[in-house]
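The next block holds one structure in the form of structure tokens; read it before the comments.
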Amino acid sequence: MKHLVYIGICCFCCHSFFAQQDTLVTAKDTTKLSQIILVAQRKLSNYRQKKTLSSVDAYLEKSNQVTMIKRGNYAWEPSINNMVSDRLNVTINGMQIFGACTDKMDPITSYVDVSNLKQISVSSGQEGTENGHCIGGSIDLQIAASKFNNSGLKTSTDLGYETNGNYKSAGLDLEYSGDKFYLTTDGIFRKSNNYSAGGNQEVLYSQFQKYNISLNGGYKLSTNHTIETHIIYDKATDVGYPALPMDVSLAEALITSATHIYKNELTTIKSLETKLYFNTITHIMDDTKRPDVPIRMDMPGWSDTYGFYTKATLKENKHNILVNLNGFYNRSLAEMTMFSNDTSQPDMFMHTWPDVRTLYSGLFVKDNIALNENETISAGIRLGYHKNKIANKLGFNSLRIFYPKLEDTQTRFLTSLSTDYTYKKENWNAVFGIGYGERAPTVSEGYGNFLFNSFDGYDYIGNPNLKNEKAIEINAKTNYKFNTISLGIESSFFHISNYIIGEIDNSISPMTIGANGVRVYNALNHASIFNIYFNSSIDFSNAFSFNSSIGYNYGSGSNNKNLPLIKPFSYLAEVNYSTAKFNAILQLEGNGNQTKYSPFYGEDETLSYTVLNLNLGNVAYINHNKLIFKYGIENILDTNYSTYADWNNIPRQGRNFYMNASFIVF
Amino acid sequence: MKLKYIFPIIFITLFTTACSTDDDESPKTSNETEGLIKIQDIVNNNQTIELYSKTGAFQTGYNNVNIRIKNNNDQTYFENASISWMPIMQMPMMQHSCPHSTISKVSDKKTLYTGSVIYQMTNTDGSGWSITVNYSIDNVDYTVTETISVSQAEKQNVTSFMGSDDKRYIVALVEPLEPTIGINDMMVGLYKMENMMSFPAVENYKIMLDPRMPGMGNHSSPNNTNLSFNADDAMYHGNLSLTMTGYWFLNLKLLNGSDDILKGEDVTEQNEKSSLYLELEF
């Protein structure tokens with residue numbers, strides 16, 4: 001609710017760009033999650049980002065509690081609270097959309113671009129259940145819709161170049177806004193060669209190329225009624241994954257929706273929004289560019305989702321109520337064809353996802369009660385009905401090899417509850433929350449068939465008999481402000497029962513040539529995940545400020561093994577200098593030694609690293625038009641390093657000079 | 001405005017994906033050889049013996065054969081014949097037969113008879129085999145012998161070998177005829193060569209099964225079961241799990257009633273395959 005209000009305010013303020021200069025100098029790296037979403041410029045690209053044209057991935061990576069798991073230079077997988085996509089709910093404008101790759105090479109965040117988005121809303125734990133069930137949190141990528149502000153035609157172009165990888169990007173944005181009608185369209189193109197790690201070491205198969213176009217239209221039926229449509233088409237080709245044995249020749253998404261919005265400030269029901277949507281993804285893995293593979297294979301995957309939601313906001317006295325009724329139907333199908341090295345033998349074919357149809361419908365209700373000027377309490381609940389059906393006979397039969405009594409249909413009920421209490425004073429505030437949440441296993445966890453995980457070198461088999469994963473969560477945060485110094489602590493703890501993870505089954509022979517063995521998805525009795533962050537900032541003057549953040553994370557399972565992909569001790573410090581037309585940020589960022597790594601789940605110890613970045617920005621006005629320059633050096637010292645989040649220890653980018661220019665014509 | 005385009009797309013896709021594609025059973029026709037292809041006619045004066053199978057040709061391994069006898073005088077088919085047969089392979093120095101079943105009437109058919117034969121070998125040009133059909137109609141006995149052509153199957157679906165007990169055996173794959181991904185019912189025939197002309201089924205031995213894909217690093221599959229003897233059809237039955245299409249190497253090990261290994265070895269890192277095996281491809 002609070003955020004919606006903010007967005008509203010910011011949208012109304014769109015004309016007064018001067019008033020929003022401060023958004024250029026966002027100290028995002030040390031901000032709390034919730035603050036990421038407060039910055040509501042019309043577009044993510046021009047203002048919010050240090051690099052105007054950096055990808056959604058790079059943008060998310062800058063936030064404190066989101067870490068991106070990297071398998072290459074493209075399509076990074078977000079992780080919140082040390083939990084990856086299986087435990088998160090990632091949506092686009094509240095629309096459910098599911099990747100079509102069995103190996104997580106296409107997180108949803110890879111199918112939109114910054115040019116499409118207004119903002120990204122990141123929620124931790126059970127706060128993130130507005131659109132669906134999750135354990136770790138949610139990411140909602142919110143599409144930039146224009147408003148009926150009669151501002152006429154606005155054009156902006158962006159150009160970017162980075163030396164590392166010879167990375168070129170270009171974007172064009174056209175917006176027409178009238179009294180009753182708006183139409184916006186944007187396109188963006190990105191192309192990068194292989195990047196180089198520190199010491200000029202080329203990372204093979206790290207190239208990518210993509211374009212993204214979107215078309216948005218809105219029509220105002222009457223004062224209170226509006227209809228909108230959004231269409232996004234995203235196509236990536238020739239994407240290399242240096243950490244994986246295969247690349248991607250095509251990742252294509254078509255994302256469409258039609259929305260009816262009713263808004264009335266005078267009635268109890270403030271807004272009522274109904275959306276119908278459809279999206280389809282085609283993802284084709286390919287190894288034709290790899291010179292040396294044990295066997296050539298094709299692995300295409302498809303994911304189609306149809307869905308709707310109806311969302312209402314109500315306000316009566318102290319109550320701010322949000323109701324969201326939603327449903328979707330998804331089909332996920334993936335195949336694998338292996339081309340025999342012995343030409344006299346036929347090709348080998350199997351389904352890796354047996355055309356799983358997921359039908360979900362659920363209801364979410366949240367009430368935010370302002371007890372008094374300082375205290376707010378909120379409570380939310382989501383109840384859902386979740387049904388899986390295996391539609392492909394062959395795929396069903398191949399799972400029956402492992403589960404002879406398997407039924408083709410399974411249903412579950414899912415519950416999520418959360419409540420939090422907020423106390424706010426001028427100089428300090430505190431939030432305390434508790435939550436309980438459940439999630440259904442993902443398609444891979446429930447129905448995957450010999451999915452090779454190059455991280456631990458095991459083939460994974462789904463387990464349709466998995467129970468719901470359940471989490472109890474406690475979170476707290478507090479911020480103090482003494483004159484120019486701000487200090488903050490935030491922490492969350494998750495106790496997850498039936499924690500779904502692969503368990504070695506020595507009785508099954510691996511399918512992938514050279515695999516270490518087979519793991520079947522199973523549940524640990526329980527697992528614990530904990531994180532704590534200390535943030536501080538000092539304002540030396542209006543122009544000078546210092547931010548820092550230190551984080552510690554912990555995760556272990558009931559088998560007394562560390563969980564994989566748990567962030568080690570991390571730190572970040574930055575000095576900001578900003579005036580109305582110029583800003584500079586010098587940033588030091590690093591991790592400690594990964595001492596609590598998990599060899600059992602394929603991890604090795606990642607050494608500590610520190611990198612130094614410099615970001616600079618200028619704004620110039622030419623008549624009423626605006627020119628924004630962003631430039632800088634990343635990894636100034638050309639450190640050769642990889643982090644715990646780099647799949648199979650692929651090294652990260654070495655020194656990189658970048659420059660982006662945006663020109664906005666009113 | 002866009003709704004106009006989006007709704008049809010949504011609905012068309014919904015409906016096309018929602019439709020199921022179950023095939024209806026085709027109604028039974030009066031033609032009793034429906035679905036069968038003629039292998040060969042054997043003319044014997046006033047009668048013609050018609051041999052049919054699903055594929056229309058004999059090949060090495062297990063063949064399920066359908067037979068009917070035509071009255072050449074009035075083009076009708078006899079419904080009360082009793083038939084027996086003897087396949088013979090003519091070798092340069094000797095001749096021998098092969099495992100073959102008795103011939104019985106197909107239960108729900110009037111004119112059709114069925115039996116099975118397992119050719120353990122053939123000449124490269126398909127020559128060498130002949131078949132003698134003995135039959136009686138209305139208490140009159142007839143006999144006819146005709147050469148037939150048996151082609152070599154692409155994959156090894158039958159093997160004849162000397163067991164460690166110095167007896168010669170024949171193992172033949174009967175099912176699955178049309179293997180699919182998943183758990184297949186596997187049926188194997190096991191016969192002992194008593195002499196050149198007699199190949200009785202062997203009872204109550206055990207056949208251990210270990211299917212592998214040599215093209216996939218000798219990948220195996222779970223939940224296979226060893227083959228055990230079923231007295232009803234005198235065949236060995238078990239479960240065969242096939243995780244994907246392609247070429248499968250079915251490693252076998254033959255054990256007699258007292259668990260002595262007669263032929264075959266375990267598959268290990270050092271020993272990629274058993275000397276007793278069958279092959280499958282789909």
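Can you grab the distance from the C-alpha centre of the range B:223-270 to the C-alpha centre of the range B:110-170, Å, no decimals?
Using only Cα atoms, the two centres lie 24 Å from each other.
Other chains' Cβ within 10 Å of A:348-360 residues: what's the mean?
Mean inter-chain Cβ contacts per residue within 10 Å come to 2.
Roughly speaking, what is the centre-to-centre gap between the range A:338-394 and the range A:522-588 when only Cα atoms are used, to the nearest Å?
Taking the Cα centre of the range A:522-588 as reference, the centre of the range A:338-394 is 30 Å away.
Through the Karplus equation 6.51 cos²θ - 1.76 cosθ + 1.60, θ set to phi - 60°, convert the phi angles of the range A:89-96 into ³J(HN,Hα) values in whole Hz; use x for Gly and Pro.
My calculation for the range A:89-96 gives 10, 9, 10, 10, 6, x, 8, 6 Hz in order.
Could you give me the percent of Cα pairs per 10 Å distance bin for the range B:158-281, shortest bin first, beginning at zero and ending with the bin that holds the maximum distance?
13, 47, 32, 8, 0
So which trypsin sites (Lys or Arg not before Pro) in the range A:320-416 end up in coil per DSSP with only 16 or fewer other C-beta atoms within 10 Å?
A:K405
For the range A:597-640 and the range A:159-181, write down the distance between their C-alpha centroids in whole Å.
20
Stokes-Einstein diffusion coefficient for the protein assembly as shown at 20 °C in a medium of 1.002 mPa s, Rh from the Kirkwood formula over Cα pairs: what value in µm²/s?
Approximately 67 µm²/s, per Stokes-Einstein.
Could you work out the helix-only [θ] at 222 nm for the protein assembly as shown, with each DSSP H run of four or more residues adding -39,500 (n - 2.57) and the total divided by the number of residues, to the nearest 500 deg cm²/dmol? Don't jump to the answer; show the numbers that get you there.
On the way: 7 runs with 56 residues, N = 948.
So the calculated ellipticity at 222 nm is -1500 deg cm²/dmol.
Residue by residue through the range A:650-659, what is 3J(HN,Hα) from phi via Karplus (6.51 cos²θ - 1.76 cosθ + 1.60, θ = phi - 60°)? Round to whole Hz and write x for glycine and proline.
So the J values, rounded to whole Hz, are 5, x, 7, 4, x, 4, 9, 9, 10, 8.
Taking amide H positions as placed 1.01 Å from N in the peptide plane, with prolines and chain starts having none, which residues 5 or more places from B:I39, or on another chain, fall under 5 Å of its amide H?
Those lying under 5 Å, H to H, from B:I39 are B:L51, B:Y52, B:S53.
Which far-off residues, 5 or more places away or on another chain, put their amide H under 5 Å from the one on A:T352, with H placed in the peptide plane?
It is A:A334, A:E335, A:M336, by chain and number.
Taking H as built 1.01 Å from N, whose amide H comes closer than 5 Å to the amide H of A:D638, not counting residues under 5 places away?
A:R655
Kindly identify the range B:37-151 as rounded, prolate or oblate by the Cα gyration tensor criterion: order the square roots of the eigenvalues as a ≥ b ≥ c, call it rounded if a/c is under 1.5, otherwise compare a/b with b/c, prolate if a/b is larger, else oblate.
Verdict is prolate for the range B:37-151.
Could you work out, residue by residue across A:395-402, how many beta carbons of other chains sit within 10 Å of that residue's beta carbon, and then give the average as an integer?
If you average over the peptide's residues, the count of other-chain Cβ atoms is 6.
Report the percentage of all Cα-Cα pairs in chain B whose separation exceeds 27 Å, rounded to a whole percent.
51
For the cross-link pairs A:K311/A:K424; A:K118/A:K425; A:K191/A:K289; B:K105/B:K155; B:K54/B:K206, which exceed 20 Å when the distance is taken from alpha carbon to alpha carbon? Intermediate values should be presented prior to the final figure.
Numbers: A:K311/A:K424 28 Å; A:K118/A:K425 30 Å; A:K191/A:K289 18 Å; B:K105/B:K155 31 Å; B:K54/B:K206 30 Å.
Result: A:K311/A:K424; A:K118/A:K425; B:K105/B:K155; B:K54/B:K206 exceed 20 Å.
Read phi for every residue in the range A:601-616 and hand back ³J(HN,Hα) as whole Hz from Karplus 6.51 cos²θ - 1.76 cosθ + 1.60, θ = phi - 60°, with x for Gly and Pro.
3J(HN,Hα) across the range A:601-616, in whole Hz: 9, x, 8, 10, 6, 9, 6, 5, 8, 9, 10, 10, 10, 10, 10, 10.
Each value in this text was obtained by applying a stated rule to the coordinates, not by laboratory testing. This one's a predicted model, so the numbers in the text were calculated from it and none came from an experiment. Neighbour counts run over all protein chains shown; Cβ positions are idealised from the backbone, glycine included.
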